[in-house]
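Here the structure is laid out as structure tokens; the discussion comes afterwards.
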Amino acid sequence: MNKSLNLPSCVPADDGASHKPVRLLPPKVAFERTTTPSSTAYPMIKDGTYPMPVRVGPNRIAFLESEIDGWILARAAERDAKAQPIVTNAARKRSTK
């Protein structure tokens, strides 16, 4: 069962013509999606290295799905940026032999 919360409000997509619904994810779902245990995620939230939750009730928080997805893509981009020089240097070494 998907426990994400759907909101009626919409945000414009990149092209400005269509709309994508804003979705909220409960902490458990957000942490599962990022494979981050809550004991790691909460300190990361505090130091600004994990998306900030939004308060949806007096005792309830949730995460914007778009921010969780963006955080995952940013980690992949960091990985790719670090891997690129390694591949380039290895290729240079092979071409000089």
Quiz prompt | Search result, residues across region 54-76 that are closer than 13 Å to residue 23 by Cα and within 12 Å of the chain's Cα centre (by Cα) | solution = 63, 64, 65, 66, 67, 68, 69
Quiz prompt | In region 12-60, residue nearest to residue 71 (Cα to Cα) [restricted to those that are at pLDDT below 95 and surrounded by 11 or more Cβ atoms within 10 Å (Cβ to Cβ)] | solution = 22
Quiz item: Pairs, please: C-beta under 7 Å, at least 6 apart or cross-chain, first residue part of a helix (DSSP H, G or I) and in region 35-48, second surrounded by 10 or more Cβ atoms within 10 Å (Cβ to Cβ) and of a type in the set (Phe, Trp, Tyr)?
Solution: 38/31; 41/31; 41/50; 44/50
Quiz item: Which of the residues that make up region 49-70 are in contact with a helix residue (DSSP H, G or I) (Cβ under 7 Å, 6 or more places away or on another chain) and outside any loop (DSSP other than H, G, I, E, B)?
Solution: 61, 63, 68
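The values are calculated or read from the model by the stated rules, or taken from the named source; none is laboratory data. Note that the structure is a prediction, hence the values are computed from the model and not measured. When we count neighbours, we look across all protein chains shown, and the Cβ atoms used for this are built from the backbone with ideal geometry, even at glycine.
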